[in-house]
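Enquirer: Quick one: this structure, given as structure tokens, is what I'll be asking you about.
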Amino acid sequence: MAISFTTQQHLAVTHGVSGWPSYAVPLAIDLFVVWAVRSCRDVVLAVAVAVSANVAGVLTAEPLGDVDTWVSAALHAVFPLTLWRMHRPARSLVSAEAPVVADPVPAVSVPAIAAPAPADRWPDADLWQDFEADSEDAEPVTPPSAEDVKAAMTVLESTHGRPVTGRMLADHFSVSERTGRRYLSMAA
């Protein structure tokens, strides 16, 4: 990059741009190449301008009859191409070399949060699933009333010193965490 910058700056000086504006020429060309490559816009034009400026800088500084002049011009054309290839792989590898996925990846489904049940509906129909008997000899368990849940919430809040969670109610009533969350939402 430094050699390319110097060659482009020398080209500007050779063609009448002196002083600090001569440094603006290579800066503008190099920034144009970087912008074009990163934004994927006008890449061919930007690289062509940079290659042309580098080759012209060499050809105006040395005699055209020497082999070294043409080899140097070809080497100076490599700088913008290298810059282009150094920045391009980050974008092109993703699309060109990424494996093709035949089946779309399923999105992670998040269960919807149900609205709290109205106060006049206690308990919900599938709330009873936690109270079904495990065996035929076991006696069915009935869910606590709203007053029992509210009393338990008061005790648990004073015992733990923080707001009651569904997990705390589930542990207290020996039910699933889901049922504990339902108790919490119905009692609130």
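The values are calculated or read from the model by the stated rules, or taken from the named source; none is laboratory data. Only a predicted model underlies this, so the values are computations on that prediction, with no experimental measurement involved. Reconstructed Cβ throughout: ideal geometry from the backbone, glycine too, with neighbour counts over all protein chains shown. For the accessible areas, the whole protein counts, side chains as well, though only heavy atoms, and no ligand, DNA or RNA atoms are used. Shrake-Rupley method; radii C 1.70, N 1.55, O 1.52, S 1.80 Å.
Enquirer: How much accessible surface does ILE29 have with a 1.4 Å probe, in Å² rounded to 10?
Expert: Using a 1.4 Å probe on the heavy atoms, I get roughly 20 Å².
Enquirer: Another question, if that's okay. Which FRET efficiency, nearest 0.05, do VAL78 and VAL13 yield, Cβ-Cβ r, R0 30 Å?
Expert: My answer for the efficiency is 0.85.
Enquirer: Taking a 1.4 Å probe, which of SER158, SER145, SER52 shows the most accessible area, and what order do the others take after it?
Expert: Numbers: SER158 90, SER145 40, SER52 70 Å².
Ranked list, largest accessible area first: SER158, SER52, SER145.
Enquirer: Using a probe radius of 1.4 Å on heavy atoms only, what accessible surface per residue do you get for region 1-41? Whole Å² is fine.
Expert: Using a 1.4 Å probe on heavy atoms only, each residue of region 1-41 averages 61 Å².
Enquirer: Return the FRET efficiency for the residue pair ARG167, ALA146: r is the Cβ-Cβ distance, R0 is 22 Å, and the value is rounded to the nearest 0.05.
Expert: Between ARG167 and ALA146 the formula returns 0.70.
Enquirer: Related question: Short version: ³J(HN,Hα) in whole Hz for each residue of region 26-41, in order, from phi by Karplus 6.51 cos²θ - 1.76 cosθ + 1.60 (θ = phi - 60°), x for Gly and Pro, what are they?
Expert: Coupling constants for region 26-41: x, 5, 5, 5, 5, 5, 4, 5, 4, 4, 5, 5, 6, 8, 6, 10 Hz.
Enquirer: Mind checking Rg over Rh on region 7-50, alpha carbons, Kirkwood formula for Rh?
Expert: 1.06
Enquirer: While we're on this one: Can you check what the net charge comes to around LEU75, using other residues whose Cβ is under 13 Å from the Cβ of LEU75 (Lys, Arg +1; Asp, Glu -1)?
Expert: Working: positive: none; negative: GLU62, ASP68.
Summing Lys/Arg as +1 and Asp/Glu as -1 gives -2.
Enquirer: Could I ask something else about it? Might you work out the accessible area of GLU62 for me, using a 1.4 Å probe with all protein chains in place, and round it to the nearest 10 Å²?
Expert: 80
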